[in-house]
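I have placed the structure first, in the form of structure tokens, so that the comments after it can refer back to it.
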Amino acid sequence: MPVSGRLRRALPVHGGPGGHGRRDPYRGSVERLNPATGAIGWQIGLPEGVLSSPAINASGVIGIGTYDNGTAPNATYLIDASTGAILTTLNQGNVVFPQSAFADGWLYTATGTDLTAWGP
């Protein structure tokens, strides 16, 4: 999956604990907010909590990791910034705590024990 391109506009994206007043089974969530009104454009639930800020590349792909002690595996999710669709899930077998980073077409993620570079 290519992770490069041109940045077209700023996109406020928020990741955090699940719920936000909703009644759903998700422990974490990511949402797109309208910068002018604060209205939610899209919102998706994730099986584990989100403790770091999302990263976004110039192609509009969001990278966000989960970290929690629930039953679902912690992972990094790549999400389409325009639709909120999960493009892929990168299971790393450990907690994903720090913010992911995009650089030179690669995605870098860190867990409690290692650093992984995911290539195109």
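Placing dummy labels 7 Å off each Cα toward the beta-carbon, the span from Ile44 to Asp80 is 0.9 nm.
Volume per residue of the convex hull around the Cα atoms, evaluated for the range 13-118, comes out as 94 Å³. Mean projected area of the convex hull spanned by the Cα atoms of the range 67-120, taken over all viewing directions: 4.2 nm². Rounded to the nearest 20, the Cβ-based charge dipole of the range 13-118 about its Cα centre (Lys and Arg +1, Asp and Glu -1) stands at 280 debye. The modelled label-to-label distance between Asn91 and Leu115, using points 7 Å beyond Cα along the C-beta direction, is 2.6 nm.
Laboratory data are not the source of any read-out in this text; all were calculated from the coordinates shown. This one's a predicted model, so the numbers in the text were calculated from it and none came from an experiment. Virtual Cβ from ideal backbone geometry, glycine too; neighbours counted across all protein chains shown.
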